[in-house]
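Structure record follows, encoded as structure tokens.
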Amino acid sequence: MAVVVPSALVKVRPLAGVPLRATQDPRWVRWLLTGIALGFLGFFLVLPLVAVFGEALRRGLGAYFAAVGDADALAAVKLTLIAALISVPANVVFGVAAAWCIAKYSFRGKSLLITLIDLPFAVSPVISGLIYVLVFGAQGWLGPWLIEHDVKIIFAVPGIVLATTFVTFPFVARELIPLMQAQGSEEEYAAITLGANGWQTFWRVTLPNIKWGLLYGVILCNARAMGEFGAVSVVSGHIRGETNTMPLHVEILYNEYNFVGAFAVASLLALLALVTLVLKSIVEWRHAQAHAA
Amino acid sequence: MSVLRKEHSVLPGFGLSLGFTLAYLGLIVLVPLSAAFLKTAGMSWAEFVAAVASPRVMAAYRLSFFASLAAASVNAFFGLIVAWVLVRYAFPGKRIVDALVDLPFALPTAVAGIALTAIYAKNGWLGQWLEPHGVKIAFTELGVFVALTFIGLPFVVRTLQPVLEELQPELEEAAASLGANRWQTITRVLLPELFPALLTGFALSFARALGEYGSVVFISGNMPLRTEIVPLLIITKLEQYDYRGATAIAVVMLTASFGLLLLINLIQKWSRRHHRV
């Protein structure tokens, strides 16, 4: 008996066109969910971003540039750059060293080490500042010795650099560890076999392989280093023109009701955030390309 | 080197890289952190309890806990929808939207704080429309919740996205061919599969919210017993030179965060096992 294809019995979908696949949602669901998602993001992400620039330009471009060019604002920019220029390279060296020993060798206590490296992410920014006050502050462990030798760490630039280094500690390491673990060590073994020494192997083989991951970590690390507020606030002492980073300067201006000034400096930080997002997307794209190739 | 014994490897640099890693980790992270615990160990039990359980501190715990819980829940719900839309649907500007999700990671918290205040204050962008209807957000508990929602937003989206991308279409096709409708497929097949990642994102968002300071202090108004969060209380105690009181509260918070970190690690371990089966 021939198999009868019950074509007449199958109900044709009311909508013309290609029937939905099992993994597709009906059009009204797609529209609804996309609308909810974009509405939520617009409300919570885009609106605050627009508000920063809107408030900064409220009194016009003249007031904006006067606020940005103010001597205390420029001193804050300079200190922010100094803090980032010290803490980011320090964490890069650490991140590479940590990823090298974790990815290239097996030893006991490795997973504990990885957990400890992530620890600063679990610590509240305020506590990140507090612990340095407990070590270097006037009443801290090293306080009497530091006072005796006239070394200022807390309420001075070194404290700001230390607190910034702490909060940005894991960024580079946590990008590089999984990347280098996934890449394995065959290429390094080949280089060593062919007579390269350790440094040559690192500079010529390992570094080119991890450069996008490294750059990604540096971008995230730098954004956090320049934007950190809570930890730096505890150790800074808030001395205008001396120990104020940009985020702290924003707070001071805001609390003095100088809203245009506060939002003008804030807009510079918001620009930095946007540049960070663009660079991050470019690196992700290049990284995906390198993987596809 | 007796504990950290390595297997033999021809690659040089083990001693140098591990030595530097441990020294740097110790100096920057472990020694300063231990200072907090040692400082508290010097307090008597009665002193410690008085510092960490006074009515003002208890009110701050309650606010921090419930506002973080509410913010993480809202982020779990909307984060699931955002991740789903970003992975499954196509729409113009999708790459920009995808990049923008990370804004709370990139935008300094103080900037977020004053921006949210400018929006929700009495004469602010949205505040001027909301306050006449009796909805006060800035300088209330709701303001704390809004700020914590902002800073926790990327966690759920970013933990769910890779899991959603790796889901096999066969899973949904099998469910559909066995007679499940779309809703049943989503609630009985997809959601259980996504649950570990959703829980991880929720916990990360919650943990971040508990410790958050910068974005909250501007919008919360900082009224003792009402809108004072735990990190602010630590700062207040420090400004009064009450280092012991500040450190005692910090130790309670650190213990809570490390507990959460452990929990998150366990969830991830469990979900990996769950996935392999």
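A short reminder: the numbers here are calculations on the coordinates, not readings from a lab. Note that the structure is predicted; figures quoted are calculated from it, not measured. No Cβ is skipped: glycine too gets one built from the backbone with ideal geometry, and neighbour counts run over all protein chains shown.
When chain A is treated as a GNM, springs tying every alpha-carbon pair under 10 Å, which of A:E242, A:E175, A:E188 comes out with the largest mean-square fluctuation? Fluctuation is largest for A:E188. Between the C-alpha center of the stretch B:176-214 and that of the stretch B:71-137 there is a gap of 20 Å.
For the stretch A:108-177, a/c is not less than 1.5, where a ≥ b ≥ c are the root eigenvalues of the C-alpha gyration tensor, and a/b tops b/c. That puts it in the prolate class. Take each residue in B:112-123, count the other chain C-beta atoms within 10 Å of its C-beta, and the mean is 6. Among B:Q128, B:Q184, B:Q161, the largest mean-square fluctuation in a Gaussian network model of chain B, built with springs joining Cα atoms closer than 10 Å, belongs to B:Q184. Only Cα pairs under 8 Å and 6+ residues apart enter the sum, and on that basis the relative contact order of chain B stands at 29 percent. The length gained by stretching the chain between A:R59 and A:Q289 to full extension, at 0.36 nm per residue less their Cα-Cα distance, is 78.3 nm. For the stretch A:33-177, what class follows from the C-alpha gyration tensor (a ≥ b ≥ c being the square roots of its eigenvalues): rounded when a/c is under 1.5, otherwise prolate if a/b is larger than b/c, else oblate? Judged from the Cα gyration tensor, the stretch A:33-177 comes out oblate (a/c at least 1.5, b/c at or above a/b).
Cβ crowding within 10 Å, taken as a proxy for footprinting-reagent exposure, orders A:I282, A:I252, A:I127 from fewest neighbours to most as A:I282, A:I252, A:I127.
Across peptide A:185-194, the mean count of Cβ atoms from other chains lying within 10 Å of each residue's own Cβ comes to 2.
Taking A:L179, A:L146, A:L45 as the candidate residues, the one with maximal mean-square fluctuation in a Gaussian network model of chain A, Cα springs under 10 Å, is A:L45.
Hey, what number do you get for chain B at 222 nm if only DSSP H runs of n ≥ 4 count, each worth -39500 (n - 2.57), divided across all residues, to the nearest 500?
It lands at -23000 deg cm²/dmol.
In chain A, the calculated helix contribution to ellipticity at 222 nm averages -22500 deg cm²/dmol per residue, counting -39,500 (n - 2.57) for every DSSP H run with n ≥ 4. Going by the alpha-carbon gyration tensor, a ≥ b ≥ c the square roots of its eigenvalues, is the protein assembly as shown rounded (a/c under 1.5) or, if a/c is not under 1.5, prolate (a/b greater than b/c) versus oblate? Here the protein assembly as shown falls in the oblate category. A simple rule links phi to the HN-Hα coupling: the Karplus curve 6.51 cos²θ - 1.76 cosθ + 1.60 with θ = phi - 60°, which for the stretch B:236-246 gives 4, 5, 5, 5, 8, 6, 8, 5, 5, x, 4 Hz, with x for Gly and Pro. Exposure proxy ranking for A:T276, A:T193, based on other Cβ atoms within 10 angstrom of each Cβ and starting from the fewest, stands as A:T193, A:T276. Averaged over the residues of A:253-266, the number of partner chain Cβ atoms lying within 10 Å of the residue Cβ comes to 2. Pairs with C-alpha atoms separated by more than 29 Å, drawn from the list A:K78/A:K280; A:K280/B:K122; A:K110/A:K211, are A:K280/B:K122. In straight-distance terms, cross-link reach from B:K39 covers every one of the aspartates and glutamates whose alpha-carbon lies under 19 Å from its own, apart from those fewer than eight places away in the same chain; here that gives B:E47, B:E239, B:D242.
With Cα atoms defining each centre, the stretch B:224-277 and the stretch B:5-49 are spaced 19 Å apart in the structure. When B:S271, B:S44, A:S281 are arranged by Cβ crowding within 10 Å, least crowded first, meaning fewest neighbours, the order is B:S44, A:S281, B:S271. Among the chymotrypsin sites (Phe, Trp or Tyr not before Pro) in the stretch B:189-265, those placed in a DSSP loop whose Cβ has at most 14 other Cβ atoms within 10 Å are B:Y241.
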